[in-house]
Amino acid sequence: MSLSTDDVRHVARLARLALTDEEVDSLGAQLSDILAYAEKVGEVATSDVPPTSHPYPLRNVWRDDEPRPSLPPAEAIATAPQAEDGRFHVPRIVEGEA
Amino acid sequence: MSADLVTATAAQLLERLNAGDVSAAEVAQAHLDRIEATETQVDAFLHVMHDEALAAAADVDRRRAAGEQLGLLAGVPVALKDIFTTRGVPTTCGSKILDGYRPPYDSTVTARLHAADAVIVGKTNMDEFAMGSSGENSAFKLSRNPWDLGRVPGGSSAGSVAAVAAFQAPLATGTDTGGSIRQPAAFTGLVGAKPTYGRVSRYGMIAFASSLDQCGPIARTVTDAALLLQAVAGHDPMDSTSIPEPFPDLRPSLGAGVDGLRIGVVREFLESEGLEPGVRDRTTEAIERLGKLGADIVEVSLPHAVYGVSAYYLIAPSECSSNLSRFDGVRYGLRVGAGTAEEMMAATREQGFGAEVKRRIMIGTYALSAGYYDAYYAQAQRVRTLILRDFAAAFEQCDALVSPTAPTTAFAFGDKTDDPLAMYLNDVFTIPASLAGSPAVSVPGGLDDQGLPVGVQIMAPVLGEDVMFRVAAALEAELGFDPTPRGPNALKAAL
């Protein structure tokens, strides 16, 4: 599997990484090498082998729906790069009038 | 002079502290002095908690004087890998994207160390987001190997092993996703254990690959490693993958010996192409010694382990690409750029992440993207099943497995930084147990002909920490390894 420059730019967009042109060039070659190595899994992973997502058998964990103390809002936003009126401040996400 | 306080093991310090022979304040001061005397050479810490450590130690002394019941590690200095959140104390995970972040909460590991009355002396350096096998991916500094300051300490728990090997602390926490406790412990002549997946809570341990990440102890002796693990292990309702079964008391295992145990030698690992002769020789000798001590040595095969690195480098990056999406410049850490939300996030992540982290996010995003999921992530998970079956079959023939921890001893800075794949292959022997969720520990096996430490790995079945520590303690007692760094390029600081 060889990754083109367009492939790398597409994946970078999905990953929200504003890569530089030099990074796009070097990553294309490196990712192709790494993926070629990783593709060796295909030599033995046949469809009759079930996938394992987790090494230890666990069931879903439930607890009673009871109110408990949690992080106060002021502490939760204290580490935000930008906050306003007790909320996280972000650039506009939805298009339209203000 | 306080040299005997920094060379003492945690178990010895506890004995002296409990006997009233020394105060926690004296123990803390001795280690802070040692950090000051050696830190310019080893660069183990991102943040030394000087005042907090002295306050915690004074508190232990005061409560001891008042006759209060104290915790399992009362007054013992512990270094904390910077992946564990510490309330109000800088936590960066080795990344610029978290530079200056002071979390509003403690990880469960941090909280349990506080509950055990341990004295946390600082936050240790690491490969950014625990991605690396040399420490060279830290965004802040290079930690150096106390045995040879021109060589890497291993990674990702680079600062934790550098600190313990340099006698800056008797104990440190590490985390291991594909070998990040065991390989650096091997490189620095230490004991480093990864328990069964789920034994130690991941709450507040910054996530890399959630189905693999596990916390474990780093120490100069097997007994000390068991002590630290005992203090942090056990069920935690804050981590849904935390194992409900109680963690066993490891003390009876430490002196039980290996007489009558069946120990499996992994054929493929000893015949591996990249294995250095010095590492192979020390491993073979360790196996012979275990046989001499009464263990039954059997040869076993893990035929699919050779595919472990391939599977790992699909599974871990896939999970990391998802986990690291939380670093988006909104709730904590760095924010860069203006424009739309997407532009701000892309600019923040571009500037905040280092090269290896970007590489893995890219691999993972690609492997999970439309049309490729079945070819990559799902295939890797099938290989994981095959490796689990290999381990199950091997553990029908034996109680524990022995192998080298890493194919080489510590390498020089810059040796593998231009070739990511070569760096990844350093994890070839540690990754299989990670994929299987099995406990595994690295124990010093001696030195190679360059005078560098060799690690011997002991792997046990899931929940088999007791048998793993049994073998580790027996091997340690038989080999009598001296953990003091020595050699022409070793750390220079009189003890």
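The values are calculated or read from the model by the stated rules, or taken from the named source; none is laboratory data. Keep in mind that this is a model prediction, so the values were computed, not measured. Cβ: placed from backbone, ideal geometry, glycine included. Neighbour counts: every protein chain shown.
Being at pLDDT below 95, among the hydrophobic types (A, V, I, L, M, F, W, C) and crowded, with 16+ Cβ neighbours inside 10 Å narrows it down to one of B:V258, B:V265, B:V306, B:V279, so name that one. Steps first, please.
Values: B:V258 fails: at pLDDT below 95; B:V265 fails: at pLDDT below 95; B:V279 fails: at pLDDT below 95.
That would be B:V306, the only listed residue that is at pLDDT below 95, among the hydrophobic types (A, V, I, L, M, F, W, C) and crowded, with 16+ Cβ neighbours inside 10 Å.
If I filter the range B:63-80 for residues that are surrounded by fewer than 19 Cβ atoms within 10 Å (Cβ to Cβ), touching a Gly at 6+ places or on another chain (Cβ under 8 Å), in contact (Cβ under 8 Å) with a residue 40 or more places away in the chain and closer than 30 Å to B:T348 by Cβ, do I get at least one hit? Write out each step before concluding.
Keep residues of the range B:63-80 that are surrounded by fewer than 19 Cβ atoms within 10 Å (Cβ to Cβ), which gives B:63, B:65-72.
Imposing the further condition that a residue be touching a Gly at 6+ places or on another chain (Cβ under 8 Å) reduces the set to none.
Scanning the range B:63-80 turns up no residue that is surrounded by fewer than 19 Cβ atoms within 10 Å (Cβ to Cβ), touching a Gly at 6+ places or on another chain (Cβ under 8 Å), in contact (Cβ under 8 Å) with a residue 40 or more places away in the chain and closer than 30 Å to B:T348 by Cβ.
Exactly one of (1) away from chain A (no Cβ under 14 Å); (2) touching a residue at least 24 places away in the same chain (Cβ under 8 Å) is unmet by B:E288. Its number?
Going through the list (1) away from chain A (no Cβ under 14 Å); (2) touching a residue at least 24 places away in the same chain (Cβ under 8 Å), B:E288 breaks only (2).
Against the condition within 14 Å of another protein chain (Cβ to nearest Cβ), in a helix (DSSP H, G or I) and free of Cβ contacts under 8 Å to residues at least 24 places away in the same chain, how does B:A380 come out, does it pass?
On the way: within 14 Å of another protein chain (Cβ to nearest Cβ): yes; in a helix (DSSP H, G or I): yes; free of Cβ contacts under 8 Å to residues at least 24 places away in the same chain: no.
In short, no.
Within the range A:6-28, does at least one residue satisfy the condition of being more than 23 Å from B:G352 (Cα to Cα) and more than 7 Å from chain B (Cβ to nearest Cβ)?
The first filter runs over the range A:6-28 and keeps only residues more than 23 Å from B:G352 (Cα to Cα), leaving A:6.
In the following step, the residues that additionally are more than 7 Å from chain B (Cβ to nearest Cβ) were identified as A:6.
Yes: the range A:6-28 contains one or more residues that are more than 23 Å from B:G352 (Cα to Cα) and more than 7 Å from chain B (Cβ to nearest Cβ).
Across the range B:384-425, which residue is farthest from the other protein chains (Cβ to nearest Cβ) among those that are β-branched (V, I, T) and in contact with a Lys or Arg (Cβ under 9 Å, 6 or more places away or on another chain)?
Step by step, filter the range B:384-425, then rank; the result is B:T409.
Take B:A400 and tell me if it is farther than 21 Å from B:R282 by Cα and either crowded, with 21+ Cβ neighbours inside 10 Å or modelled with pLDDT under 95 (or both).
Values: farther than 21 Å from B:R282 by Cα: no; either crowded, with 21+ Cβ neighbours inside 10 Å or modelled with pLDDT under 95 (or both): yes.
Criteria not met by B:A400.
If B:G274 satisfies every condition in (1) on the phi < 0 side of the Ramachandran plot; (2) at pLDDT 95 or above; (3) in contact with a helix residue (DSSP H, G or I) (Cβ under 8 Å, 6 or more places away or on another chain); (4) not in a helix (DSSP H, G or I) but one, which is the exception?
(2)
Here's a check for you: in the range A:27-69, which residue that is surrounded by 15 or more Cβ atoms within 10 Å (Cβ to Cβ) and polar (S, T, N, Q) is farthest from B:I363 (Cα to Cα)?
Among them, the one singled out is A:T52.
So, in the range B:382-397, how many residues would count as being under 30 Å from B:G135 (Cβ atoms) and either of a type in the set (A, V, I, L, M) or at pLDDT below 95 (or both)?
Of the range B:382-397, the ones under 30 Å from B:G135 (Cβ atoms) are B:383-384, B:387, B:391.
From what is left, the residues that are either of a type in the set (A, V, I, L, M) or at pLDDT below 95 (or both) are B:383, B:387.
Counting residues in the range B:382-397 that are under 30 Å from B:G135 (Cβ atoms) and either of a type in the set (A, V, I, L, M) or at pLDDT below 95 (or both) gives 2.
Can you list the helices (runs of 4 or more DSSP H) lying wholly within the range B:84-196 that have 3 or more residues being modelled with pLDDT of 95 or more and surrounded by fewer than 24 Cβ atoms within 10 Å (Cβ to Cβ)?
Result: B:108-115.
Can you find a residue in the range B:330-347 that is assigned to a helix (DSSP H, G or I), more than 8 Å from chain A (Cβ to nearest Cβ), more than 30 Å from B:F391 (Cα to Cα) and of a type outside the set (S, T, Y)? Break it down into steps so the answer makes sense when it comes.
So the first thing to find is which residues in the range B:330-347 are assigned to a helix (DSSP H, G or I), and the list is B:341-347.
Checking which are more than 8 Å from chain A (Cβ to nearest Cβ) leaves us with none.
The answer is no; no qualifying residue exists.
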